[in-house]
Amino acid sequence: MLVLQDKVDTSIAPQPSTDADVCIIVEGCYPFVSGGVSSWLNWLIRSQPELNFAVVAIVNGPGPREPRYQRPANLSYFDVVNLSDAYILSRRGNVAHTQASTLGQEIAEAGANLISDGDTRGLDNLLRTIHSHGKKCDLEALLNSALAWQTVQRMYRQLVPQASFLQFFWAWRTLFGGLFRLATCPLPRARTYHAISTGYAGLLAARAQRETGASTIITEHGIYTNERRIDILLADWISDTVEKGLSLEDLTQDVRDIWMKTFEAYAKCAYESATFVTTLFAENQVLQRLHGAQEHKLRIIPNGIDVASFADVRSPSPCARPTVALIGRVVPIKDVKTFIRSVALLRRDIENVEALIIGPTDEDELYCQECRDLVEELRVADCITFTGLARITDYLPRIHVLVLTSFSEAQPLVILEAGAAQIPCVATNVGCCKELLEGAPDEIPALGKGGLITDAVAPEQTAAAMLHLLSNHGEREAFGAALKARTERYYNAPQAAANYQALYKEAFAKSARTIKLNVGAC
Amino acid sequence: MAGIPSRLPRTTENEGLAYTILSMIRGTVVAVGPWLFTMTALILISVVAANVMSRAALADFRGIIIYAFALSLIAAAPFVLVTSRVLSNAIDHNHRVEAQPVLVAGVVGAAATSAALSWAVGWGLFAVQSSTLLALMQASSLAGMMWVYLAVASAMHGYKGVSVTFVVGLTVATGATLLAVFGWNASTAEMVFAFNIGIAAISFGLSIRELRGTRCPNLDIMRGARDLALYTRRYAWISVGACLGAIAVWIDKWIIWAGPAGSELRSGLVHAPYYDSAAFLAYLTIIPSLARFVLTLDGEYIAAYRNYYNAIKQHATLEEIEHMGGALGRLTLELVEKIFTQQAAICAIVVLCAPLIIEASNLKYAQVPVLRLCTIAVLFQFAFIAATSLLIFFERHREFLFLQALFLVTNAAGTMVTVEIGPVSYGFGLLVASVISGIAAYAVLNNVVQHINYFTFVEGAVRMHMQERDNTKKKSCSPNADWPNEPRESVFPSSRSCV
């Protein structure tokens, strides 16, 4: 293992701060976004009160940003790393054209090897080069000087000599700008580093492991590389300029390939450096293995909720107005429009049905307006209510069936919360929704169904499933009871907290061992 | 996700900027023409009025107008540069009417600072008496307005309209001045007031031309002033550079005026006819070269410039970009070199024929060396003007400022030394300054075109990001600083009970 700490130039090296037990590295969410991974992280930090946490939040673009959560008492260090060079670079780098050639060659070679062969030694070489050259290789020099120009030219010639240079230049600035930023940003000292995705967070964890010898953990709710692959494939601002014709054998790379390969390489570095790689459910591990995670590092730690806090939630009376609800942010990924369409279909059979859309509406106001327009267009305004941000415990006693129409989910907490309140669910077959509602293949004893699974973007199926559950009181009760039993057994917060406590304990032990070995070697 | 941008940044914005910058250069360079026209008008007035006015009174009149023009050119330089750039840019984006408050603010600013500067110089330095001082301030503020309108109008390719307005205005100025002289036996100050009618006519004519289509309610002057301040900050380097450049052009004259060759006019202002007249003749030689420079920029050069940026925008490979960048670089240097050669030929003729020219101009034979030295100086000044203008093309604002400062300092130092040596060396300081600055400007330009792709991409990205940051006002993200003790929204309890 490469330990760079003794070679670090103190002028650019991360400044030591209060030591933390766990340094959480998170990209694009906590504490500035509510819901999803952010609220899980908020829970995780609070669930380990005996541990001292640091958080490095990686963001991109202009603020202002305001935390959406109260600062946990056991959070001793918080820092923001902005990847956007508009907000970090205030001056030009001081490297002349005459000096830049050799250094540029070195950096370009390491970078190109990292991307083209997925060779993680490329990251080692990059970090070593950056740290050993001090100010000559500071962030401004790496991005805003002749050195940057030498590096980008050489990498372009090595990787995509036939592609649009303009596209490559900006891709390079974004991808390697992020890497350079993370290679030079302050890093708090911690006993273990816990990255909540691969990508840039995983990359910073990989750097931490190399510099400090501490153990690192990667936890993925969704698989980052896969999500980026979808983003990149759909990105219309990336032009495909290399003409490949109809040949499937043509291996000529375009800039779009570079985007994907870079994120794959970053993931590989993160997995290789990690002591443990965890996720929420087994299907995710298939992709993690595919992207280079070694089998012995893989763990599954499902999310948990505080089941006891839902004990007082009473089930609605069968005589009450039939009520279905979608709980989540009103954003495209939740496919709220499918829910609205399915309610319109359901209304043909159950005239007095009530539908609630419970969740913040301010994240994508345009989409929210489109949803409201759809409600008007389908003439269901009298039965659909947008509640906005709300306490779900206020609404759970009214809900007969919880619905999830998302395009993509990992392990949605709302299903567990509905389960804790004994409410059956209808959910799309994404993430581990099926496992939550029907049980894992190895669930012994089988607890039975907790709801119905539908395809994504299938309002007829969703409407039929809602109708089925609303019309069968007995089945609805049985499904609710099964889901509650599954939640209590497999997805309760104390158990999840204990799992993470055990994981951290193991990680601390590994850290101590590795650091001792390194000291011995020195 | 933090790392993927949602759009491709526009490195190729220079493609659209090409015409903006070209217009600005055109406007700045073309402003030299009116100087010569004005000098011609002053000579005409002096010749016609020679029979009824003393030589001293006429010299005084010419001195006040020259002071007013010179001071206003310096005071108005930043306004000229920024306003013509903003207007050119607005026209590129079809926002001309929206940009007109900036023009009005620029005109008002130029007039006010010109008046203030002429007051400071006239009253503070030379204790010019009240009526003459008032005439000087009025002439200066009107000229300040005129420079702005003139630069903007020229930048918009309105050569014909500008020329007609200018010729009509100067005819009015000349006519009014002569009428004052012959009709009312006017004093020097009254002659200046009469001349000012013509300058006001030019400003008025150009303002009608530039502000047409704007309704008064649309003219939000305060907004214009705010925008102007914003743009002046954005173009601070070239604004200051333009100001220093204007001072640099005059610094040798001022130093000589203050020296033994200087003589006091009736009004209290000083001048040095021994140096001024020869230097003026030398400056006439630059006209053909500047004209060819502007015309070449407008044609062949702008086409190559656009081809380069279009190729980048249309996803050329690095090899193609390097090829086109190399061609543009060669063309840039050739542009300066070819016209420099032409200027050198003119210079050689003038140097050889200097005694004849001096005799024909009714000057003293002793001024021959001054004419020769100043003519060679003008040769290098052409290289300096061309190279520094092209540096603005490549957005090298800091280099522009540095070079203008260099010319100012070397011209001042060189001229001070020549004043110590004596009249025989007058013009040598300007020559040394022009040679040093011309060579330095060419060397900087050469360096820029050698690394044209670096400047286009890396420096372009830095510039773009800095502008973006200025626009969005950076929000501090320092550790712990933006995490208040209480969140804005409802607190999540131990697990989660709301979304």
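The values are calculated or read from the model by the stated rules, or taken from the named source; none is laboratory data. Please read all numbers here as calculations on a predicted model, not as lab measurements. Ideal geometry is used to build each Cβ from the backbone, glycine not excepted, and the neighbour counts take in all protein chains shown.
You will find that of A:Ala282, A:Ala235, A:Ala293, the residue that is away from every other protein chain (no Cβ under 14 Å), within 30 Å of A:Arg207 (Cβ to Cβ) and at pLDDT below 90 is A:Ala282 and no other.
Using the structure shown, decide if B:Leu206 is assigned to a helix (DSSP H, G or I), in contact (Cβ under 8 Å) with a residue 60 or more places away in the chain, in contact with a Phe, Trp or Tyr (Cβ under 8 Å, 6 or more places away or on another chain) and assigned by TED's automatic domain parsing to the domain that holds B:Ala56. For B:Leu206, the condition - assigned to a helix (DSSP H, G or I), in contact (Cβ under 8 Å) with a residue 60 or more places away in the chain, in contact with a Phe, Trp or Tyr (Cβ under 8 Å, 6 or more places away or on another chain) and assigned by TED's automatic domain parsing to the domain that holds B:Ala56 - is met.
Residues considered: B:Thr410, B:Thr415. Of these, the only one that is part of a helix (DSSP H, G or I), touching an Asp or Glu at 6+ places or on another chain (Cβ under 6 Å) and of a type in the set (S, T, N, Q) is B:Thr415.
Within the bounds of the range B:352-366, is there any residue that is in a helix (DSSP H, G or I) and more than 15 Å from B:Ala278 (Cβ to Cβ)? Checked against the condition, which is being in a helix (DSSP H, G or I) and more than 15 Å from B:Ala278 (Cβ to Cβ), the range B:352-366 yields at least one hit. If you scan the range A:111-150, which residues turn out to be part of a helix (DSSP H, G or I) and at the interface with chain B (Cβ under 10 Å from one of its Cβ atoms)? The answer is A:Glu140, A:Leu143, A:Ala146, A:Leu147, A:Ala148, A:Trp149, A:Gln150. Applying the set (1) at positive phi; (2) in contact (Cβ under 8 Å) with a residue 40 or more places away in the chain; (3) not hydroxyl-bearing (Ser, Thr, Tyr) to B:Lys364 leaves exactly one unmet item: (1). Just to be sure before I move on: is A:Ile333 surrounded by fewer than 16 Cβ atoms within 10 Å (Cβ to Cβ) and within 19 Å of A:Leu436 (Cβ to Cβ) in the structure I sent? The answer is yes for A:Ile333. Scanning the range A:50-72 for residues that are part of a loop (DSSP other than H, G, I, E, B) and away from every other protein chain (no Cβ under 11 Å) yields a total of 3. Checked against (1) surrounded by fewer than 20 Cβ atoms within 10 Å (Cβ to Cβ); (2) in contact with a Pro (Cβ under 8 Å, 6 or more places away or on another chain); (3) modelled with pLDDT of 85 or more; (4) more than 14 Å from chain B (Cβ to nearest Cβ), A:Ser315 meets all criteria but (3). Scanning the range A:296-312 for residues that are more than 9 Å from chain B (Cβ to nearest Cβ) and either farther than 18 Å from A:Ala498 by Cβ or of a type in the set (Phe, Trp, Tyr) (or both), which turns out surrounded by the most Cβ atoms within 10 Å (Cβ to Cβ)? Going through the qualifying residues, I end up with A:Leu298. Those helices (runs of 4 or more DSSP H) of the range A:375-465 in which at least 1 residues are modelled with pLDDT under 90, considering only elements entirely within it, cover A:392-395, A:413-420. Looking only at the range A:161-208, residues that are assigned to a loop (DSSP other than H, G, I, E, B), more than 9 Å from every other protein chain (Cβ to nearest Cβ) and of a type in the set (A, V, I, L, M) come to 2 in all.
Here is a yes/no grid of residues against (1) among the aliphatic types (A, V, I, L, M); (2) within 19 Å of A:Ser34 (Cβ to Cβ); (3) in contact with a Pro (Cβ under 6 Å, 6 or more places away or on another chain); (4) in contact (Cβ under 8 Å) with a residue 40 or more places away in the chain:
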{"residue": "A:Val324", "(1), (2), (3), (4)": "yes, no, no, yes"}
{"residue": "A:Val331", "(1), (2), (3), (4)": "yes, yes, no, no"}
{"residue": "A:Thr338", "(1), (2), (3), (4)": "no, no, yes, yes"}
{"residue": "A:Leu356", "(1), (2), (3), (4)": "yes, yes, no, yes"}
{"residue": "A:Gly359", "(1), (2), (3), (4)": "no, yes, no, yes"}
{"residue": "A:Asp373", "(1), (2), (3), (4)": "no, no, no, no"}
{"residue": "A:Cys383", "(1), (2), (3), (4)": "no, no, no, yes"}
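Determine whether A:Val375 is under 23 Å from A:Pro316 (Cα atoms), more than 14 Å from every other protein chain (Cβ to nearest Cβ) and either surrounded by 14 or more Cβ atoms within 10 Å (Cβ to Cβ) or of a type in the set (Lys, Arg) (or both). The answer is no for A:Val375. Restricting to the range B:434-469, and then to whatever is within 9 Å of chain A (Cβ to nearest Cβ) and β-branched (Val, Ile, Thr), can you tell me which residue is farthest from the chain's Cα centre (by Cα)? Within the range B:434-469, the match that is farthest from the chain's Cα centre (by Cα) is B:Val458. Just one of the numbered conditions (1) buried (at least 16 other Cβ atoms within 10 Å of the Cβ); (2) assigned to a helix (DSSP H, G or I); (3) without any contact (Cβ under 8 Å) to a residue 60 or more places away in the chain; (4) not acidic (Asp, Glu) is not true of A:Gln369: (1).
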